[in-house]
Structure formats: C-alpha cells, structure tokens
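The numbers here are math on the coordinates, done by the rules we state, and not lab data. Worth saying up front: this structure is predicted, and the values here are computed from it rather than measured. FYI the Cβ positions are ideal-geometry reconstructions off the backbone, even for glycines, and counts take in every protein chain you see.
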Amino acid sequence: MEIEEIVATCSLPPVASAAVRSIGGDFSKRMNLLAAAAGMSDGEFVASMVRSFGETFDDCDRRGLKRAMKRSPMPVLAGLQLIVEAALNDEGEAFWRREERDAGRDCTRC
C-alpha cells in the first residue's frame, strides 16, 4: 500500500515539494536545480515523475521498490527518492533487475 500512497500523494506538487524538503540534502538541491532548468517548481517536477511512474509501474517495479523501501526507517520518503532517481537515471532498469536478482526472483520484464 505504501507505493500507492506515494503515487496518490506525491503526484500533487505541494506534497511532492514538502517531501523533497523532508528528504533534504543533495537530493533537494538537485531537484531544485533540475526543476528550475525545466522551468518548473521542485514539486511540479517531482510530481510529474511520480505520476508517470504511477501510470506505468508493474509487479517487477513493485517488488524491487518494496524490497528497497523495507531497508529504510522512512520507507515512503525512500520510495519517493528511488522513484525519482530511477526516472532520472539511465541505470533505473538495472536497479530493479539487481533488486529482483538479489531477492532470488526472476522478473520476465527485467
């Protein structure tokens, strides 16, 4: 349910912006810079990636993300950061494949 919570709430720019500030550090700085370069607020920028993820994620994505979120004391914020980093990073697919392999699962898409 946490993944659906991320998609439902962080698809809204004000919530996404607050989450970015909560994560803070380099992630927040990077989101602000990338958003400004795109002519958007950090919330609009992150919310657009979360909405895109919400429209396309599948069971393979869900398993990899849930596994990674379990390792964090703040799983919802960690999940948001992972969604955004994967969207920005060409290595996003490799991340999900590693998560599935490390869990001993075979994902047909991955």
Open item on the list: Nothing charged except the Cβ atoms of Lys and Arg (+1) and of Asp and Glu (-1): what's the magnitude of the dipole of region 2-102 about its Cα centre? Round to the nearest 20 debye.
Closed with: 320
Task: Packing-based exposure ordering (other Cβ within 10 Å, fewest first) of D26, D61 - done: D26, D61
TODO: State whether region 1-65 is rounded, prolate or oblate according to the following rule on the C-alpha gyration tensor (a ≥ b ≥ c being the square roots of its eigenvalues): a/c under 1.5 gives rounded; otherwise a/b larger than b/c gives prolate, and the remaining case gives oblate.
DONE: prolate
- [ ] Find out how many positive minus negative residues lie around M49, taking Lys and Arg as positive, Asp and Glu as negative, among other residues whose Cβ is under 14 Å from that of M49.
- [x] -3
Task: 3J(HN,Hα) from dihedral phi, region 60-71, Karplus parametrisation 6.51/-1.76/1.60, rounded to Hz, x for glycine, proline - done: 5, 4, 4, 4, x, 5, 4, 4, 5, 5, 4, 7
Open item on the list: Around D26, under 15 Å between beta carbons, what's the net of Lys plus Arg minus Asp minus Glu among the other residues?
Closed with: +1
Task: Ranking of V46, V84 by count of other Cβ atoms within 10 Å, fewest first - done: V84, V46
